[in-house]
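The values are calculated or read from the model by the stated rules, or taken from the named source; none is laboratory data. What you see is a predicted model; the values in this text were computed from it and never measured. Positions of Cβ are backbone-derived with ideal geometry, glycine not excepted, and every protein chain shown enters the neighbour counts. Keep in mind that these areas ignore ligands, DNA and RNA; they rest on the heavy atoms of the full protein, side chains included. Shrake-Rupley method; radii C 1.70, N 1.55, O 1.52, S 1.80 Å.
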Amino acid sequence: MAHPISLPSWCIEEAESLLRRVAVIPAPSLQEDGRVSFISGYLRKKGIPFLVDEAKNVIIPYGDDGTSPLDIYAAHTDVVFPDTRSLPLKEDGTILRCPGIADDSAHFVAILIYALFFHRERPETERGILFVCNSAEEGLGNLHGTRTLFRSYGRRIASFTSFDDILGRGIVSNAVGSERYRIAVRTEGGHSYADFGRPNAIAILSSLIERLYRQRADGATYNVGTIEGGTSVNSIAEYASCTYEIRSTDEKALMNMRTSLEAIIESSRSDGWEITSETIGVRPCAHGADTKRLEEAAEEVLRRHGLSTERLSSSTDCNIPLSLGIPAICFGLIYGGGRHTREEWVDLSTYPEGLQAGLEYILSVSSDPASH
């Protein structure tokens, strides 16, 4: 694109205003209703057609004839935090601080701005477009929104781009697969004094976790994320559980870690304890998707803006299309930090450049006749 179209100043002003309004709306995974309601009201007011599917994805079509190939541009509405009341927003100069504001509030606002721009300016494209504010990307949302999207539109999807991550970090073009488990221990329990000596579920689970952390993890990572259980300080715990995750870009490495987990649990069971393991989430690895065209489009735009084009691996909504062999990449549109902490922040001074880069990328991809 020799002469990129500039995003009008009203788009920047609208994005900053919208971000302040939506960032405070709580949206734990699978509980995005407040944000869906806000987005729906906003789009109705602007006169932009949209639909909300059964997974709480807000889908805004542009140039879709119902049969032709589609490019999808998406960002997720859920945040990693469990809050069900308004999230705290603080402003310090150009810095906005709010849980989830970088991941991914600022990016689904960008999706709304792009949809508004396209419906007002009517740029020509080679394929139809779906602008999507999708649900359930974080944690145990298990990519439910994106899975539903691909069940609905299937092989019509020519490409998928997720706006996520931090501006300037690079281009996510490979999927980190993961498996998530809940491991639970049950014992008889009892009174801490009268029944002293009975098996304690917390102690048994702690021993099992210690064994997990002695594993070899070639090409993979593992983590115990939460622990819960017990009744009181003067009770021998009859129940304890933890959540456990393994991650890798290599499916074989995941399989090896799964085998190791099963062996550790089985060995612990042989001591006579009741131990169960339940799969609570799976994110697939990539399977042969050719991302070259999307990477090159993003690379050209990011270089033009003096930003990193480093290739990265991560776990994002792109895992689903990449596992289906459909081209997909992910990159960020605003600079910030502290993701997945309550001190998460973004720098509004970087938003105009990020929004402009995203627009240039969308126009480059969707105006390319060789894309499908």
| query | Once phi is turned into θ = phi - 60°, what whole-Hz ³J(HN,Hα) does the Karplus curve with 6.51, -1.76 and 1.60 give for every residue of segment 163-173, x standing for Gly and Pro? | reply | 8, 7, 6, 10, 4, x, 7, x, 10, 7, 10
| remark: Counting only DSSP beta bridges fully inside segment 63-189, the antiparallel percentage to nearest 5 is 20 percent
| field | Residues with amide H under 5 Å from that of Val79, placed H, sequence gap 5 or more | value | Ala27, Ser29
| note | Over the chain, the sum of -39500 (n - 2.57) across DSSP H runs of at least four, divided by residue number and rounded to 500 deg cm²/dmol, gives at 222 nm -10000 deg cm²/dmol
| message | Taking loop as defined by DSSP and a crowding limit of 12 other beta carbons within 10 Å, which GluC sites (Glu not before Pro) in segment 186-281 fit? | response | Glu188
| field | DSSP bridge orientation in the chain - percent antiparallel, rounded to nearest 5 | value | 70 percent
| If we count every other residue with Cβ under 13 angstrom of Thr146's Cβ, Lys/Arg +1 and Asp/Glu -1, where does the sum land? | -3
| request: Quick one: what are the phi-derived ³J(HN,Hα) couplings along segment 246-261, Karplus 6.51/-1.76/1.60 with θ = phi - 60°, whole Hz, x for glycine and proline? | output: 10, 9, 5, 7, 10, 4, 5, 5, 4, 4, 5, 5, 5, 4, 5, 4
| Whole-Hz ³J(HN,Hα) from phi, Karplus 6.51 cos²θ - 1.76 cosθ + 1.60, for segment 204-220, glycine and proline x | 5, 5, 4, 5, 5, 4, 4, 5, 4, 7, 9, 5, 7, 10, 4, x, 9
| What residues qualify as long-range amide H neighbours of Tyr239, i.e. H under 5 Å apart, gap of 5 or more or another chain, H built at 1.01 Å from N? | Thr187, Ala201, Gly230
| request: Please give every one of the lysines within straight-line cross-link reach of Lys46, meaning a C-alpha to C-alpha distance under 23 Å, and leave out same-chain neighbours fewer than 8 residues apart. | output: Lys56
| said: How are the alpha carbon pair distances in the chain distributed across 20 Å bins from zero to the largest one, expressed in percent? | reply: 28, 51, 19, 3, 0
| remark: Given backbone amide H placed at 1.01 Å from N, residues whose amide H is under 5 Å from that of Ile280, ignoring those fewer than 5 places away on the same chain, are Arg180, Tyr181, Arg182
| For segment 1-140, what is the per residue volume of the convex hull drawn over the alpha-carbon atoms, in cubic angstrom? | 130 Å³
| request: Would you work out the charge dipole size for segment 140-185 about its Cα centre, treating the Cβ of every Lys and Arg as +1 and the Cβ of every Asp and Glu as -1, and quote it to the nearest 20 debye? | output: 240 debye
| note | From most to least accessible, 1.4 Å probe, no ligand or DNA/RNA atoms counted, Thr231, Thr94 line up as Thr231, Thr94
| message | With +1 on the Cβ of every Lys and Arg and -1 on the Cβ of every Asp and Glu, and nothing else charged, how large is the dipole of the chain about its Cα centre, in debye rounded to the nearest 20? | response | 260 debye
